[in-house]
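A.B. asks: Take this structure, written in structure tokens, and hold onto it; I'll ask about it next.
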Amino acid sequence: MKFRKYAAIALAGAMCMSLLAGCGDKKDDTSKDSTTASNAEATSGESTDASAEEENIKATITVWGPAEDQSPDYGEWLQGRCEAFNKEHPNWDLSFEYGTCSEADAGKTVTQDVSASADVYMFANDQLQTLIDANAISELGGSTADYVKSTNSQAVVNSITVDGGIYGVPFTTNTWFLYYNKKVYSDSDVKSLDTMLEKGKVAFPLTNGWYNAAFYLANGCTLFGDGTDNDAGINFGGDNGKAVTDYLVDLVANKNFVNDESGVGISGMTDGSIAAMFSGSWDYKALHDALGDDLGIAAMPTAKIGGSDKQLLSFAGSKAIGVNPNCEYPQVAVALALYLGNEESQQSHYEARSIVPCNTNLLESDTVKNDALVTAQNDTFNNTSMIQPFVPKMGNFWTPAENFGKALLNGEVTHDNAAEQTEAFNTSLNTDVAE
């Protein structure tokens, strides 16, 4: 469905309540009724031009996004989409101020001073609880929430939903998978990490908790029950955890294992000294430029843990467009967030930077669904991953996971002390971070 129809639905009422759940003051019942009627009129097709119903607004909207989206190397994607949005709304006289903030840094940067932060910004969904707790992100309601639910898989919708409320307009799934050199590995080889290690050097970021959790999750260890129960805690201990630790001790000792940090994986793939690495879509361009048709991409392999092949599970989530509750013109900010995440914008984002779309209509297009990058990311997201928990205690996970990876690399963890070290690791994962 064309975005203009959704814009009409989202904007026809031009009222905060139809766009943001809980934005500003509560309206009385008359306001609610008029908004509902206006939305119904737009939906029925009686209103053919949403812009004709928009109040005149002159405003400067602050937008934050990653540097790559604003770079001439990628066609200044963000600026181009904002200017296109401006043209769609002739009753709004808008100018834009851009700031650089990666999706991964939004939770930290926006919450430092919410009132001074961007009206619209991009964020990774694992920071959602942090943003909510700081009152730094608006819950989306009405037709905006309907659009999110109708154009994304349930898993993607779940990734930006907290207590039934939708926060943000998703524009891509976010996970990691396998890149490999086809000259070294066959399609069959890359189904098993152990087979790969027999044939060539493999880079893996063992000191990064976003990656090393994959081995523990593969062997039945749990994070917050099903990932949503904050009180359930983390269970990386017991026999399951020890078996993983034993596997990782052997992994570090393998001559074909390389710890991937500071760009070691990409540089090794480029010069041929490394045959495989684990990363996400953000490294696709550099790797494809270096390897061309020899670049292979695949979903997660298995690892032989405790004598059995276990499916490695990567963390997965989404990236989305959020709206600051302090924005002066919420109707403009919500409409812009929706526009930056709509089907047309995801198409142009994919063309500019190989950002894998999550819009269900777009995923069915021949060009997108036949792309090996899209296939690998979606196969991983849907079949070989766990939605990364964003319950409050997940914040306790990262530092202990990093430290345990370092202890493995340094030889502090051995087969002799694996049980003891695993239990100590598990205890540290369940120790609240000091305020």
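The values are calculated or read from the model by the stated rules, or taken from the named source; none is laboratory data. What you see is a predicted model; the values in this text were computed from it and never measured. No Cβ is skipped: glycine too gets one built from the backbone with ideal geometry, and neighbour counts run over all protein chains shown.
A.B. asks: If you check every pair at least six apart or on different chains, which have Cβ atoms under 6 Å apart with a residue in region 314-327 that is free of Cβ contacts under 8 Å to residues at least 60 places away in the same chain first and a residue that is in a strand (DSSP E or B) and surrounded by fewer than 24 Cβ atoms within 10 Å (Cβ to Cβ) second?
C.D. replies: none
A.B. asks: Out of (1) under 20 Å from Trp176 (Cβ atoms); (2) within 15 Å of the chain's Cα centre (by Cα); (3) not acidic (Asp, Glu), the odd one out for Thr375 is which?
C.D. replies: (2)
A.B. asks: Next question, about the same structure. Can you find even one residue in region 238-258 that is touching a Lys or Arg at 6+ places or on another chain (Cβ under 8 Å), more than 30 Å from Lys58 (Cα to Cα) and of a type in the set (Asp, Glu)? Spell out the reasoning first.
C.D. replies: Looking only at region 238-258, we keep the residues that are touching a Lys or Arg at 6+ places or on another chain (Cβ under 8 Å), and these are 247, 256-258.
Narrowing the set further to residues that are more than 30 Å from Lys58 (Cα to Cα) leaves 247, 256-258.
Subset that is of a type in the set (Asp, Glu): none.
No: zero hits.
Here is a yes/no grid of residues against (1) surrounded by fewer than 20 Cβ atoms within 10 Å (Cβ to Cβ); (2) in contact with a Phe, Trp or Tyr (Cβ under 6 Å, 6 or more places away or on another chain); (3) without any contact (Cβ under 8 Å) to a residue 12 or more places away in the chain; (4) outside the structural domain of Lys406 (by TED's automatic domain parsing):
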| residue | (1), (2), (3), (4) |
| --- | --- |
| Glu198 | yes, no, no, no |
| Ala214 | no, no, no, no |
| Thr228 | yes, no, no, no |
| Val244 | no, yes, no, no |
| Lys255 | yes, no, yes, no |
| Ser267 | yes, no, yes, no |
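A.B. asks: Taking Leu362 as the residue in question, decide whether it is in contact with a helix residue (DSSP H, G or I) (Cβ under 8 Å, 6 or more places away or on another chain), assigned by TED's automatic domain parsing to the domain that holds Trp64 and within 18 Å of Gln154 (Cα to Cα).
C.D. replies: yes
A.B. asks: Which condition from (1) at pLDDT 50 or above; (2) touching a Lys or Arg at 6+ places or on another chain (Cβ under 8 Å); (3) surrounded by 21 or more Cβ atoms within 10 Å (Cβ to Cβ) is the one that Met15 breaks?
C.D. replies: All conditions pass for Met15, except number (1).
A.B. asks: A follow-up question, please. Assess whether Ala333 counts as being out of contact with any helix residue (DSSP H, G or I) (no Cβ under 8 Å at 6 or more places or on another chain), buried (at least 22 other Cβ atoms within 10 Å of the Cβ) and hydrophobic (A, V, I, L, M, F, W, C).
C.D. replies: Yes; evaluated as a whole, the condition is true for this residue.
A.B. asks: Only one of these is under 18 Å from Gln347 (Cβ atoms), among the hydroxyl-bearing types (Ser, Thr, Tyr) and either without any contact (Cβ under 8 Å) to a residue 12 or more places away in the chain or in contact with a Cys (Cβ under 7 Å, 6 or more places away or on another chain) (or both): Thr360, Thr367. Name it.
C.D. replies: Thr367
A.B. asks: Applying the selection to region 268-296, what residues are under 19 Å from the mean Cα position of the chain (by Cα) and under 24 Å from Glu198 (Cα atoms)?
C.D. replies: Phe278, Ser279, Gly280
A.B. asks: Can I ask one more? I need the full set of residues from region 85-116 which are in a helix (DSSP H, G or I), small (Gly, Ala, Ser) and over 25 Å from Trp282 (Cα atoms), in order please.
C.D. replies: Result: Ser115, Ala116.
A.B. asks: What helices (runs of 4 or more DSSP H) lie completely within region 317-435 and have 2 or more residues being modelled with pLDDT under 95?
C.D. replies: 343-353, 366-369, 372-383
A.B. asks: Considering only residues that are of a type outside the set (S, T, N, Q) and assigned to a loop (DSSP other than H, G, I, E, B), which ones fall in region 261-296?
C.D. replies: Glu261, Gly263, Gly272, Ile274, Ala275, Gly280
A.B. asks: Exactly one of (1) out of contact with any Pro (no Cβ under 8 Å at 6 or more places or on another chain); (2) among the polar types (S, T, N, Q); (3) within 21 Å of Asn382 (Cα to Cα); (4) modelled with pLDDT of 95 or more is unmet by Asn158. Its number?
C.D. replies: Only one criterion in (1) out of contact with any Pro (no Cβ under 8 Å at 6 or more places or on another chain); (2) among the polar types (S, T, N, Q); (3) within 21 Å of Asn382 (Cα to Cα); (4) modelled with pLDDT of 95 or more is unmet by Asn158, namely (4).
A.B. asks: Mind listing whichever residues of region 216-226 are surrounded by 20 or more Cβ atoms within 10 Å (Cβ to Cβ) and of a type in the set (S, T, N, Q)?
C.D. replies: Asn219
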